[in-house]
Structure formats: C-alpha cells, structure tokens
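Undergrad: This structure is in structure tokens; I'll ask about it shortly.
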Amino acid sequence: MIPDPLEIAVLRRMIREGQLTVPELAGLLHDRAVAYPDPAVFIALRDRADLLAEAASIDPTLPLAGMVFAVKDNIDVAGLPTTAACPAFSYVPVKDAAVVARLRAAGAIPLGKTNLDQFATGLNGTRSPHGAPRSVFGNAYVSGGSSSGSAVAAGAGLCVFALGTDTAGSGRVPAGFNNLIGLKPTRGRIPASGVVPACQSLDCVSIFANSAADAALILAIAQGHQPDDPYSRAPADIALPPRPRIGVLAPAERVFADDAAYAALHEAALTRAAALGWTLVEIDYAPFRAAAALLYEDAFVAERLAAIRPFFHGHADAMDPVVAAIIGGAERFDAADAFIAATRLMGLRQQTDAILAGIDAMLLPTSPTIYTVAELRAQPIARNAMLGRYTNFVNLLDLAAVALPAGFRPDGLPFGMTLIGPAFSDRALLHLADVLHDAIGAGAGATRAHPTTTLPRPVDDRISLIVAGAHLSGMALNHELTDRGAILEDVTTTAPAYRLYALSTTPPKPGLVRDETSTTAIAVERWSLTPAAFASFVASLPAPMTIGKVELADNTLHPGFCCEPTAIANATDITAHGGWRAYRASISTPPVQEAIT
C-alpha cells in the first residue's frame, strides 16, 4: 500500500528502505488514473509500458526519483500531443518544456496531460471539448480552472504532484476546490519556455501538492533562469517574519456571493491566524480589485490574442465559443489602448505598493464561493469573474501567492485561503502556509488526510551550503544535512570555472577545486542550515574536506565543499562528467561486452 496523502519524503523513504520500487509506484498510480471515474481529467494518459520503462531507468538516488506527476496540457511533454484543449491546435513537441525537463532530470516521471479551460482562459474548468473535470468533493461542482484536470489528478491521489499554469488564479482556485496547496510562484521564477502562452508577460507555471514542504522541494528543482524564456528570472529569496503583519479584507469587501458557509470559514481562518500570533490589519482592497478588473476588461486581454493570433484568425470556429468571444474581444483595442492600460496599472500599483509597505503579506479567500457546472454554464462570464475576485490582480502586481486548504462547508465542499506577498517571497509564504495549514487541520486532497511532512521553521539568518558529492539529495551522506534540519534551496551548477576529482576516501567523495582554466560547470545543490546546525556540520567534517566560497552559475558566492590541495595529487579528474551523480552512474553501469567472433 502507498500512503495517503502522497508526500515526496514519505514515498522516497519507502523507496530507499525497499518497501516500494519506482516501477511499482508508477504502475500503481497509472492504474489509479485509468480507473478514476471522471474521464474528463486526462486528455492524454501515457502508455503503461512506456511509463514503466522510464520508471525502471530512474536513478533511485535522485531527489524526485519515482515521483509521478501530471502535466497541464498547455505544457510540452516530448512525444505527447499538446492541445491546450483545442484539438485543431494540436502538435507533438520533440522536447520537454524546460520545467518538465528539470523535473525529469531530478527523477520525476510524467503520467500524462491533463484537461484545462481552453487556451488557459477561465477559472472554472468548463471550457473544454473534453468535458468538465469535477471537484473531488462533489460530482456536480467544478474543479476550478483553468488547471482543472491537474488539480483533480493531485486531489484524487492519481499523482504525487501536478503542474498547472496561473495567469489570473488558475493555480489557486482549483487548489481551493480540491483541498490542495497551490503555489503560484513569482513571475519568471519557474521558466515558461515550452508552455503555450495565455498572457506571456504574466503567465506562471504553478504547482499542486499535498503539502507546502513538497511544493518547496519541487520549486527548488524547477526554478532558475532559462535563456530561451524572455521573462525568466533567477530567484532571489526574501524573508518574512514568523509572526507577520497580515493584510485582510475590511468587512465591506468580504464578498462571498451569498455563500454564508464560505464567509464563516473565512472568519474561522482569520481567527486561527490571529491565534498563531499574526497581526491582522484591515486594508483598502479597492485598488487591488481595480487592478484585477484590468486583466479581462481592458487592453491587457489583447495579450491573449497575441499568443494565438494566427491560429485564432484561421480557426476561431474550432474554439470554445466563450473562449473565442473573450479572445476575439481583444480586437477592439489598439496599441494606444495598451499603453493607456499600462499607465493605469502603474497608477494602481503606486497605491497598492503603499498599502503593501505597511504589511508583510495578505491573507484572502481563494474564491468567494464554488459553483456547479450547470451554474457556470448558465452565466459563464459573470460567475467566472466572481471566482477571480481575489486572484486576478496578483500577477499584474508582480506578487507571489500560496493557496492552502482552510476547511469545509457543512455539505462537505472545500474552502481555501491564499497568502500573497512580494515577488520572491515564495519560500517564506510556503512556510507561513505550512503553519496555517497545520493549525486549521483541513488535511489534503479528497481523503483530507493530514500531511506528515512539514517545512523546518524559517530562521532569518540561515546559512547556505553548496554540496557537490556524497551529501547530494539521495546520496550516502545526505542524512548528515537532513538530520540537522537542512532545507534544499536550489538545484543548480557552479560557474564554469571548476574541476571535480574523485578522491581516495571512504565513503567515496569528490573534491571540488576552483580552476580558471576550466570551462566546465559542475552540478551542485544549495542547502541552508541554521547557524548552530552549520557550525555543528562544519565541526564534524573529516580531512581532506574543507569549506570555502563556491561561485554559482548566477555569480553568487556561498560557503561550499572544497578540499585540501594535497588531496587531488593522486585523485582522478572527473570534470568531464559534469557532476558527482553522473560520475557515480557511469561507474555503476556494467560495461557493454563486445561480441566474441
């Protein structure tokens, strides 16, 4: 049996201890997906034999080894059609989107492509020719959109985590309707190359997970600059205090579309937050609401047309009528209107920046209510707008957000809250979300089972440590970090000025040496520890290992593993492998025997 909810740390431990193999986990989840009673969830499910073949090839020491994930069908997976829920638009990519490639390199396995509101236009999940996925808590109710299928796949336990996209709330509203953590990262933190754009300057790849800890780990692996994504950005984390000042809605702005149960759950969540020692501050929400309206009601909608203009002009009749009407409506705007709208947004941003300066983050309802599929189809524009009342402004104002489960109505339907903070406060928001998620006790997914994995509580002066060898995640000495509460912050490379040597140590370890004549970047991980844990770790280091400054690909310097110069005198230069994990894999693979003739 596999645990519930599906959590990366628990599954990795089971694989490490031999209770479960990577192919067994992949096969079990594929079988679950095939048997799931809602046929609208997946647009394309991978062939089981193909999935198991990939699973069998996974290095079990990788940080996401065997973690099966679902992919929204506007994100490329090599060999699987990308349709954006429009069959006439379909193409088969020859390579993975950057985010999928990074996750696969870390051992994760894509299960299939999930349904969405066509061209990621909508927050409800009903705008697809493949049907409307339903909330895991009620077959009559929407799962939220546009990442409708991804949220159901994660909420129903068909995968360990799922990828969505989020331009206006598409990674948060579905999380709320399926009792999940929904991370909408800072714009550009996760690259969007290989993603069919909705509004390219605003789009974010989002993460659905059962715990904040899982979302943080996936973010660490998926993030980072990507040269072929013009909006890609390198992460630069900012901290938030453990007892923050939290902006909340004034009573007049607490709109719940006559949903008294959602209103009561909102008040209960605020009470829980205050009990944690958070200071709740009522804010003027009007400028945020005005910014939200710009996304669909002003010239910003023209970016949706720009994303697919040639296709739209030739195939509008092949599109969902509501989606075609929204995107086609952009043609009433011209370039001058776009500049006017941009100026209007900057004026609103002056107002919102002044409000945000007085708080650390905001805590808002994820959605005012939940609708049935029939209700959304009866009023597709107005009710969709209601679902985005508290989400649409976030990307326009360059903010980060984390949706979290926050309780259930008497009829069993879920409610969610969302923490919103400055750009690059993603990790800090995940820590706050983890604390509040635990305090509310809503569990995760369809079963409401409580996550057992939590994030170590943040410390403002955590110290980074670069590891390149036996302390990498999944490797022999990684426990020396995790036992001290270390957090994996990033999976990256050094600057192209290092050499790597295989030292004569037990257990085997590499030596990382700065060499300006080298043009090779070495694969590394950046972990962080509290000052006390860092001091304890450094004090335990045996010779010939040392701690020095290591330069990363983003030109930042951090403490990291090096070695005494004398240690490399009789060591083997393994720089050409590009990293310790690749080198160990090369020597563990038996050589191919030549045929005897």
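The values are calculated or read from the model by the stated rules, or taken from the named source; none is laboratory data. If you're wondering where the values come from, they're calculated on a predicted model, not measured in any experiment. Reconstructed Cβ throughout: ideal geometry from the backbone, glycine too, with neighbour counts over all protein chains shown. Only protein heavy atoms, including side chains, enter the accessible area calculation; ligands, DNA and RNA are left aside. Shrake-Rupley method; radii C 1.70, N 1.55, O 1.52, S 1.80 Å.
Undergrad: I'd like the full set of residues that are touching a Gly at 6+ places or on another chain (Cβ under 9 Å), of a type outside the set (Val, Ile, Thr), under 15 Å from PRO244 (Cα atoms) and open to solvent by less than 30 Å² (accessible area, probe 1.4 Å), limited to the stretch 264-292.
TA: Result: no residue meets the conditions.
Undergrad: In the stretch 24-43, what residues are touching a residue at least 40 places away in the same chain (Cβ under 8 Å) and open to solvent by 20 Å² or more (accessible area, probe 1.4 Å)?
TA: Once the filter is applied, which keeps residues that are touching a residue at least 40 places away in the same chain (Cβ under 8 Å) and open to solvent by 20 Å² or more (accessible area, probe 1.4 Å), the stretch 24-43 yields ARG32, TYR36, ASP38, PRO39, PHE42, ILE43.
Undergrad: Moving to a separate point now. Scan (1) free of Cβ contacts under 8 Å to residues at least 40 places away in the same chain; (2) open to solvent by 10 Å² or more (accessible area, probe 1.4 Å) for the single condition ALA330 breaks and write down its number.
TA: Result: ALA330 passes all but (2).
Undergrad: For the condition surrounded by 20 or more Cβ atoms within 10 Å (Cβ to Cβ), in contact with a helix residue (DSSP H, G or I) (Cβ under 9 Å, 6 or more places away or on another chain) and part of a loop (DSSP other than H, G, I, E, B), what is the one hit in PRO451, PRO456?
TA: PRO451
Undergrad: Another question, then. From the list ILE109, ILE58, which one is open to solvent by 20 Å² or more (accessible area, probe 1.4 Å), of a type in the set (A, V, I, L, M) and either at pLDDT 95 or above or in contact with a Ser or Thr (Cβ under 9 Å, 6 or more places away or on another chain) (or both)?
TA: Only one candidate passes the filter, namely ILE58.
Undergrad: Sticking with this structure for a sec: If we scan the stretch 419-429, do we find a residue that is open to solvent by 20 Å² or more (accessible area, probe 1.4 Å), over 30 Å from THR126 (Cβ atoms) and of a type in the set (Gly, Ala, Ser)?
TA: Yes, the stretch 419-429 contains a residue that is open to solvent by 20 Å² or more (accessible area, probe 1.4 Å), over 30 Å from THR126 (Cβ atoms) and of a type in the set (Gly, Ala, Ser).
Undergrad: What number goes with the only condition from (1) within 23 Å of LEU11 (Cα to Cα); (2) in contact with a Leu (Cβ under 9 Å, 6 or more places away or on another chain) that PRO93 does not pass?
TA: (1)
Undergrad: Of the residues in the stretch 385-433, how many are among the polar types (S, T, N, Q) and over 20 Å from the mean Cα position of the chain (by Cα)?
TA: Within the stretch 385-433, residues that are among the polar types (S, T, N, Q) and over 20 Å from the mean Cα position of the chain (by Cα) number 0.
Undergrad: Also, quick follow-up: If the requirement is being open to solvent by 10 Å² or more (accessible area, probe 1.4 Å), in contact with a Lys or Arg (Cβ under 9 Å, 6 or more places away or on another chain) and not aromatic (Phe, Trp, Tyr), which of these qualifies: PRO380, PRO405?
TA: From the options PRO380, PRO405, the qualifying one is PRO380.
Undergrad: Separate question: In this structure, is ALA261 hydrophobic (A, V, I, L, M, F, W, C) and open to solvent by 60 Å² or more (accessible area, probe 1.4 Å)?
TA: The answer is no for ALA261.
Undergrad: Oh, and also: Looking only at the stretch 227-235, decide whether some residue is buried (at least 24 other Cβ atoms within 10 Å of the Cβ), farther than 23 Å from HIS450 by Cα and either over 13 Å from the mean Cα position of the chain (by Cα) or modelled with pLDDT under 95 (or both).
TA: No, that holds for no residue.
A quick yes/no check of all residues on (1) in contact with a Lys or Arg (Cβ under 8 Å, 6 or more places away or on another chain); (2) among the charged types (D, E, K, R); (3) outside any helix (DSSP H, G or I):
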residue: LEU363; (1), (2), (3): no, no, yes
residue: PRO368; (1), (2), (3): yes, no, yes
residue: ALA374; (1), (2), (3): no, no, no
residue: ALA385; (1), (2), (3): no, no, no
residue: TYR390; (1), (2), (3): no, no, yes
residue: GLY416; (1), (2), (3): yes, no, yes
residue: LEU436; (1), (2), (3): yes, no, no
residue: ALA442; (1), (2), (3): yes, no, yes
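Undergrad: With the stretch 468-541 as the region, which strands (runs of 3 or more DSSP E) entirely inside it contain at least 2 residues that are out of contact with any Phe, Trp or Tyr (no Cβ under 8 Å at 6 or more places or on another chain) and farther than 25 Å from ALA65 by Cβ?
TA: 498-502
Undergrad: List, please: which pairs have Cβ atoms under 9 Å, are six or more places apart or on different chains, and start with a residue in the stretch 86-101 that is touching a residue at least 60 places away in the same chain (Cβ under 8 Å) and closer than 25 Å to ALA222 by Cα and end with one that is of a type in the set (Val, Ile, Thr) and assigned to a loop (DSSP other than H, G, I, E, B)?
TA: PRO93/VAL77; ASP96/VAL77; ALA97/VAL77; ALA98/ILE190; VAL99/ILE190; VAL100/VAL77
Undergrad: When the stretch 102-130 is examined, which residues are found to be assigned to a helix (DSSP H, G or I), touching a strand residue (DSSP E or B) at 6+ places or on another chain (Cβ under 8 Å) and either aliphatic (A, V, I, L, M) or free of Cβ contacts under 8 Å to residues at least 12 places away in the same chain (or both)?
TA: Of everything in the stretch 102-130, those that are assigned to a helix (DSSP H, G or I), touching a strand residue (DSSP E or B) at 6+ places or on another chain (Cβ under 8 Å) and either aliphatic (A, V, I, L, M) or free of Cβ contacts under 8 Å to residues at least 12 places away in the same chain (or both) turn out to be LEU103, ARG104, ALA120.
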